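Where a number appears in this text, it was derived from the coordinates with a stated rule and is not lab data. Bear in mind that the values here come from a model prediction, so they are computed numbers and not experimental data.
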């Protein structure tokens, strides 16, 4: 079946719509947009710019996807926005393409859910299976790993990295990098342990969770420098790949600040 387009919708020449696409009333699709097969635009959706959206997207009213970034340094360079397969984009969501200062690309992975009024800014990199709850704000150049869940109203500062399987609490303000598997709460946010509920839901073994908890306690112990603790943990947990995901994340950040526990009890 070819695309079904409501008579009030505007689909610009040059755009590409996959098979079985449904375009609801009062939508506007720009001339450089590529919309994957089986996708549905409910109504009043605007797709602009050099935007590519994978198959089976569901996009709800008043989403604005692909308009120029909210960056005063942007001067019309040909940047892109790429969204993966099976994504849910709810009412009022905004996503902007990249800028010259960030590689000219903003990307969102497969199976993501971006709930009402959430925002993905220029040059952000969002992994697969990520949930952005209502009113989540990702600033420019933010990196979000796979399986991250962000609670409603949380905000992430420019250039911050959030590791995979992390959980960000509602209304949290994230100004420092969050380690993989970490749980960050508060404004300004601090680590409050590991995302144990998420790990159990994703079928991590009891042994793997136990190893991550031991490594977490050692990582944020008061003795020594962070670099020394990282090297000690790497040696002790040489055969534990999930622990090394945390260590690799920290090493990749160089001298970047980490979100850390506020109290000693949060490091247990």
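Helix 206-219 and the longest principal axis of the C-alpha atoms of the chain enclose an angle of approximately 70°.
Remark on the chain: Rg and Dmax equal 20.2, 68 Å (Cα only). Using a Gaussian network model of the chain in which every pair of alpha carbons under 10 angstrom is joined by a spring, one finds that among 144, 156, 243 the greatest mean-square fluctuation is at 243. Given the options 138, 219, 47, which has the most mean-square fluctuation in a GNM of the chain, springs set between C-alpha atoms less than 10 angstrom apart? Fluctuation is largest for 219.
Computed over the chain with a Gaussian network model linking Cα atoms closer than 10 Å, the most mobile of 99, 205, 51 is 205.
Note down the relative contact order for the chain as a percent, whole number, built from C-alpha pairs under 8 angstrom at least six residues apart.
Numbers: 785 pairs, mean separation 23.1, N = 268.
That works out to 9 percent.
Over segment 199-267, the fraction of Cα-Cα pairs per 10 Å bin, rounded to whole percents and listed from the shortest bin up, is 19, 52, 27, 2. Once you reduce segment 32-50 and segment 243-262 to the center of their Cα atoms, the two points are 37 Å from each other. For segment 73-128, the pair-distance distribution built from all alpha carbon pairs, in bins 5 Å wide starting at 0, is 6, 21, 28, 24, 12, 8, 1 percent. Distance from the Cα centroid of segment 196-218 to that of segment 109-175 is 22 Å (rounded to whole angstrom). Note that segment 1-107 shows a convex hull volume over its alpha carbon atoms of 83 Å³ per residue. Sequence-distant contacts, meaning Cα pairs under 8 Å at least 6 residues apart, place the relative contact order of segment 1-148 at 14 percent. May I ask you to compute the full-extension gain from residue 187 to residue 100, defined as 0.36 nm times their residue separation minus their alpha-carbon distance, rounded to one decimal in nm? Extending this stretch completely gives an extra 28.2 nm.
Stokes-Einstein, applied to the Kirkwood radius of segment 54-164 over Cα pairs at a viscosity of 1.306 mPa s and 10 °C, places its translational diffusion at 119 µm² s⁻¹.
Think of it as helices only: each DSSP H run of n ≥ 4 in the chain is worth -39500 (n - 2.57), and spread over all residues that comes to -5000 deg cm²/dmol at 222 nm. When only Cα pairs under 8 Å and 6 or more residues apart are kept, what is the percent relative contact order across segment 199-267? Relative CO of segment 199-267 lands at 33 percent.
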